[in-house]
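Where a number appears in this text, it was derived from the coordinates with a stated rule and is not lab data. Note that the structure is a prediction, hence the values are computed from the model and not measured. For neighbour counting, all protein chains shown are included, and Cβ atoms are generated from backbone atoms with ideal geometry for every residue, glycine included.
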Amino acid sequence: MTKGELAGRTALVTGGASGIGAACARELATLGAEVTVADIDGVGAKTVAAEIGGKAWEVDLLDVTALEELRLDTDILVNNAGVQSINPIVDFPPEQFRKLLALMVEAPFLLIRAALPHMYEQGRGRIINISSVHGIRASAYKSAYVTAKHALEGLSKVTALEGGPHGVTSNCVSPGYVRTPLVDKQIADQAVTHGIAEEEVVERIMLTESAIKRLVEPEEVASLVGWLASDAARMVTGASYTMDGGWSAR
Ligand code: NAD
């Protein structure tokens with residue numbers, strides 16, 4: 001990937017104020033795209049946008065009704081915003097289940113729906129959905145998250161089929177555990193739950209299935225997103241790219 005490769009393109013990254021989203025916003029800007037950082041955290045979105053010379057959009061993507069009339073003039077859409085919630089099914093609050101599905105399935109659907117008309121007019125576009133190894137594998141106590149990510153993988157494939165004739169590709173990037181605030185919180189919570197040190201949580205609980213025993217870095221995920229956004233990836237669609245240190249090879 002060369003600097004300036006995405007010059008003249010616009011990109012929208014949801015959840016772009018933190019973690020993987022912020023890394024994607026930086027990568028796409030480095031490649032030349034004009035990036036809009038969309039996040040419920042308005043201050044964080046402005047900070048990242050200022051750093052990369054992009055725009056900030058403070059938005060609560062849980063307000064799905066407000067997204068129904070939206071039209072997005074963006075060439076690249078990265079559906080990244082997401083949260084985690086851990087509980088056995090019997091104790092899982094139904095409201096929380098609905099929230100995760102709204103943020104991680106319904107909002108991406110509405111944003112894709114809002115972005116496709118512009119992409120169809122241009123005859124090209126890139127939809128990149130940040131799924132997870134949990135889009136193709138399950139873990140106990142993550143019913144809403146695993147359900148949402150599996151649904152996102154399906155939505156991405158349908159988008160690929162409909163978008164193909166219009167030059168629009170749609171793919172998922174499916175990482176294992178990435179070093180971000182979302183995972184830092186899980187490490188701290190699990191250390192308390194299991195009564196063990198945080199390093200032990202990473203080695204003994206999070207990375208048991210991985211062949212490579214380290215967390216993924218946000219920049220590594222962003223690098224793949226940058227490539228998927230490029231012209232070189234124009235024949236790549238309906239795919240799901242794992243970056244999980246070999247977890248899903250089992
Ligand atoms: P993060 O917590 O660092 O960032 C998530 C961002 O989403 C935050 O900036 C947050 O403000 C924003 N957000 C949350 N709710 C929102 C809402 N209602 N409206 C708008 N924005 C909202 O998390 P991350 O680890 O960077 O995760 C980003 C994506 O990557 C998520 O979809 C997550 O499921 C996925 N993912 C993460 C990992 C990991 O290990 N960190 C692994 C696989 C997949």
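Summarising the amide proton neighbourhood of residue 172: residues at separation of 5 or more, or on other chains, whose placed amide H is nearer than 5 Å comprise 129, 239, 240, 241.
Percent of Cα-Cα pairs more than 11 Å apart in the stretch 48-94, please. When all Cα pairs of the stretch 48-94 are counted, 82 percent exceed 11 Å.
Placing dummy labels 7 Å off each Cα toward the beta-carbon, the span from residue 91 to residue 239 is 4.1 nm.
In this structure the amide hydrogen of residue 75, modeled in the peptide plane, comes within under 5 Å of the amide hydrogens of 10, 11, none closer than 5 places in sequence on its chain. Note on the stretch 80-188: Kirkwood radius taken over Cα pairs, Stokes-Einstein applied at 10 °C and 1.306 mPa s, translational D equal to 108 µm² s⁻¹. Computed 3J(HN,Hα) for the stretch 68-77, one whole-Hz value per residue from the Karplus formula 6.51 cos²θ - 1.76 cosθ + 1.60 where θ = phi - 60°, is 5, 9, 6, 10, 10, 9, 10, 8, 10, 10, glycine and proline marked x. Cross-link partners among lysines for residue 3, C-alpha distance below 29 Å, same-chain residues fewer than 8 apart left out? Qualifying lysines at Cα under 29 Å: 46, 55.
Mean residue ellipticity at 222 nm from the helices of the chain, using -39,500 (n - 2.57) per DSSP H segment of n ≥ 4 over the full residue count, to the nearest 500 deg cm²/dmol?
-12000 deg cm²/dmol
So the label point goes 7 Å from the Cα of residue 84 along Cα→C-beta, right? Which residues of the stretch 159-185 then have their backbone N under 16 Å from it? Answer for the stretch 159-185: 174-185.
For a straight C-alpha distance cut-off of 24 angstrom, the lysines reachable from residue 213 (same-chain residues fewer than eight places away being disregarded) are 142, 149, 185. Just checking the listed ones, 124, 234, 98: in the Gaussian network model of the chain with Cα springs under 10 Å, the one fluctuating most is 98. Which chymotrypsin sites (Phe, Trp or Tyr not before Pro) in the stretch 104-166 sit in a loop by DSSP (not H, G, I, E or B) and have at most 16 other Cβ atoms within 10 Å of their own Cβ? Of the chymotrypsin sites (Phe, Trp or Tyr not before Pro), the ones in loops of the stretch 104-166 whose Cβ has at most 16 other Cβ atoms within 10 Å are 141.
Listed by Cβ neighbour count within 10 Å, with the fewest neighbours leading, 150, 166, 194 appear as 194, 166, 150.
The share of C-alpha pairs in the stretch 87-132 whose separation exceeds 14 Å stands at 62 percent. 3J(HN,Hα) couplings calculated from phi for the stretch 141-147 with the Karplus curve 6.51 cos²θ - 1.76 cosθ + 1.60 (θ = phi - 60°) are, in sequence order, 6, 10, 4, 5, 5, 5, 4 Hz; Gly and Pro show x.
Could you state the number of Å between the C-alpha centres of the stretch 12-77 and the stretch 124-153? The two parts, judged by their Cα centres, are 20 Å apart. For the stretch 1-93, the percent of C-alpha pairs falling in each 10 Å distance bin, counted from 0 to the bin holding the largest distance, reads 18, 44, 25, 10, 3, 0. Backbone amide hydrogens, once placed in the peptide plane, bring residue 55 within less than 5 Å of 35, 36, 37, excluding anything fewer than 5 places away on its chain. Here 24, 172 are placed in order of increasing Cβ neighbour count within 10 Å, fewest first, which gives 172, 24. Rg to Rh for the chain: what is it, with Cα atoms only and Rh by Kirkwood? Over the Cα atoms of the chain, Rg/Rh equals 0.96. Under 10 Å, Cα contacts only: if you run a Gaussian network model on the chain, which one of 210, 240, 174 comes out with the highest mean-square fluctuation? Greatest mean-square fluctuation among the candidates belongs to 210.
Here the 3J(HN,Hα) profile of the stretch 184-189, calculated from phi with Karplus coefficients 6.51, -1.76 and 1.60 at θ = phi - 60°, is 4, 5, 5, 4, 4, 4 Hz, Gly and Pro shown as x.
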